[in-house]
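See structure below.
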Amino acid sequence: MESKRTLTEERKKCVFISKNEIMRKNYFKYSFTGIFLVWYIVIMEKILSAIAEPNRLNIIGLLRDTPCTVGEIAEQLQLRQPQVSKHLRVLSEVGLVVAEPVANKRIYKLRPQPLMKLDTWLEPYRQIWEERFDQLDDYLVKLQEKEDEE
């Protein structure tokens, strides 16, 4: 039981330590399909957890179009400024947004790199989905042909 707790604690720390430190701690255990290393899965888990919250996903949608201040995000999403700041802090911790100080404001911009990593991680699953949709399409065509014959 203690080994599970230790692994969970290490996973939580994993996003906030460098890749070299991860290598020294011997995280080269393969996970799931054997394609991705555990540390990579932990990073993806953090990104997915961050964007799973609807308000954070809406913030990412706003920042996709243009950089915004906290006040602009709060106004557009009809949230209070402290809530937006909290969500931006979480998004910043996983590297999805970056703040640039301009005078007395902080302009938040979307960083595409973590989303590109997520896209790379999802690619094998996307291929499976496409195959299954193709199979569904073939099945529906067969059903339609049977109905047309009757």
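A crude spin-label estimate for the pair residue 145 and residue 75, with each label 7 Å from Cα along the Cβ direction, gives 5.9 nm.
The 1.4 Å probe gives accessible areas that order 57, 143, largest first, as 57, 143. Applying 1/(1 + (r/R0)^6) with R0 = 22 Å to the Cβ-Cβ distance of residue 125 and residue 53 gives a FRET efficiency near 0.55. With a 1.4 Å probe and every protein chain kept in, tell me what percent of the accessible surface of the range 51-117 is carbon plus sulfur. Exposed carbon and sulfur together represent 51 percent of the surface. Other residues with beta-carbon under 14 Å from the beta-carbon of residue 131 carry, at +1 per Lys or Arg and -1 per Asp or Glu, a net charge of -3. Does the range 73-150 come out rounded, prolate or oblate by the C-alpha gyration tensor, with a ≥ b ≥ c the root eigenvalues, rounded set by a/c under 1.5 and, if not, prolate when a/b is larger than b/c and oblate if not? Prolate. Per residue, the range 59-150 exposes 74 Å² of solvent-accessible protein surface, assessed with a 1.4 angstrom probe and all protein chains in place.
The values are calculated or read from the model by the stated rules, or taken from the named source; none is laboratory data. A quick note: this is a predicted structure, and the numbers were derived from the prediction, not measured. Because the Cβ atoms are built from the backbone with ideal geometry, glycine has one as well, and the counts that use them run over all protein chains shown. These accessible areas exclude ligands, DNA and RNA; they are computed on the full protein's heavy atoms, side chains included. Shrake-Rupley method; radii C 1.70, N 1.55, O 1.52, S 1.80 Å.
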